[in-house]
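Every number here is computed from the coordinates shown, using simple stated rules; none is lab data. Small disclaimer: the values here were computed from a predicted structure and weren't measured. A quick note on method: Cβ atoms are made from the backbone with ideal geometry, for glycine too, and the neighbour counts reach across all protein chains shown.
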């Protein structure tokens with residue numbers, strides 16, 4: 001194909017056919033481009049005008065010397081560099097326009113606004129999320145969630161203890177991120193306990209199927225009704241699974257029933273401080289490992305401490321909101 005001035009002009013404007021484009025680019029790469037350049041084309045003037053336009057538009061900062069007509073012996077190289085620069089700029093413009101087009105076509109998820117609910121010591125709270133999920137918060141617990149769920153998952157943040165009744169949605173996983181664990185479900189009922197100050201985290205399933213794992217641990221448990229998952233924190237983290245005879249007792253706290261099952265006095269101290277918003281001091285260190293089992297229906301603090309002290313042969317006294325247990 002003969003390369004004419006008209007074809008080169010159309011190439012510069014992006015109006016060539018595929019065959020013409022291929023022919024021009026092959027010609028530009030050839031060593032005899034100077035010889036084969038069409039006679040009817042004022043190459044020096046066109047090159048200078050084009051460089052001026054390009055430099056003005058893209059801020060190339062070319063001076064008069066750099067855009068002046070090159071010496072005859074440098075014509076071929078200058079022309080090749082010129083057309084290579086034009087091609088590069090065309091590519092950049094194409095990528096920019098493509099990105100703009102694709103960006104405008106991309107679906108943008110709405111920004112999420114979050115709500116946080118906290119149950120302080122001595123409190124219990126209830127929340128219903130936008131998807132119909134119900135959450136009962138035990139004392140000293142916190143729940144952060146979007147006012148409206150978006151995307152293909154329902155993700156919330158949580159710390160403390162709560163009973164979850166997750167609304168079923170097979171198309172949107174429900175994910176709970178807590179200090180040491182990650183819980184994932186589609187729709188189920190379970191109790192999750194993850195207090196940072198305790199040495200383990202627990203999940204008990206009442207109904208459905210739950211994935212339970214450590215937040216920074218590769219293992220995973222798949223739990224179903226009447227099963228309990230335990231994540232032990234510390235230097236040797238790990239997961240353990242067991243079967244429970246009565247899963248309901250792990251959720252009794254939301255009905256104000258206090259269940260203490262084979263716990264030592266240090267573990268009981270943390271529970272009672274949250275439940276009653278008090279300060280409990282164990283004066284004798286050897287008392288901390290004394291164990292106790294008992295259950296109460298909406299008790300006051302005195303009922304609980306009297307029962308504990310009777311069982312472990314100790315006594316307590318009160319000063320304002322501080323209670324001290326001693327021998």
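Arranged from fewest to most other beta-carbon atoms within 10 Å of their beta carbon, 126, 114 become 114, 126. When only Cα pairs below 8 angstrom with a gap of at least 6 residues are kept, segment 256-326 shows a relative contact order of 39 percent. The residues 194, 235, 262, 252, when put in order of fewest to most other Cβ atoms within 10 Å, stand as 235, 262, 252, 194. Maximal additional length on extending the residue 6-residue 26 stretch stands at 5.5 nm, based on 0.36 nm per residue less the C-alpha distance.
Considering only alpha-carbon pairs that sit under 8 angstrom and 6 or more positions apart, the relative contact order computed for segment 114-250 is 15 percent. Classified by the C-alpha gyration tensor, segment 132-225 has a rounded form. Its axis ratio a/c, with a ≥ b ≥ c, is below 1.5.
Evaluated at q = 0.18, 0.24, 0.27 Å⁻¹, the base-10 log of the normalised Debye intensity for segment 112-175, with identical point scatterers placed on the Cα atoms, takes the values -0.61, -1.01, -1.21. Exposure proxy for 263, 129: other Cβ atoms within 10 Å of each Cβ, ordered fewest to most, give 263, 129.
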